[in-house]
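Structure first, commentary second.
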Amino acid sequence: MKKITKRKSLLLLSIGMVIIATSQVFSQYFEIPDMAKGSFIGVGIGLLLTSLIFGKFKTEDS
């Protein structure tokens, strides 16, 4: 898989953190099934890992 740009990787990173945070807030105030809670956290972690693995965070020296 090819690398994604720094802008897209930062966007994926922030979306992943927002998904995990909102799932925690909703589970605090509402009754959410374990399957839904686990799915939201899993998707958030997947986005975080995708942005960290395939993102261009290092500078390339030519």
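The values are calculated or read from the model by the stated rules, or taken from the named source; none is laboratory data. As the structure is a computational prediction, the values presented were derived from the model and not from experiment. When we count neighbours, we look across all protein chains shown, and the Cβ atoms used for this are built from the backbone with ideal geometry, even at glycine.
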List the residue pairs whose Cβ atoms are under 8 Å apart, where the first residue sits in segment 35-62 and is part of a loop (DSSP other than H, G, I, E, B), the second is modelled with pLDDT under 90, and the two are 6 or more positions apart or on different chains.
LYS56/LYS3; LYS56/ILE4; LYS56/THR5; LYS56/LYS6; LYS56/SER9; PHE57/LYS6; PHE57/SER9
Restricting attention to segment 7-34, which residues are over 12 Å from THR50 (Cα atoms), under 18 Å from the mean Cα position of the chain (by Cα) and not small (Gly, Ala, Ser)?
ARG7, MET17, VAL18, ILE19, ILE20, THR22, GLN24, VAL25, PHE26
Test of understanding: among LYS2, LYS8, LYS37, which residue is out of contact with any Gly (no Cβ under 7 Å at 6 or more places or on another chain), surrounded by 12 or more Cβ atoms within 10 Å (Cβ to Cβ), modelled with pLDDT under 95 and within 27 Å of LYS56 (Cβ to Cβ)?
LYS8
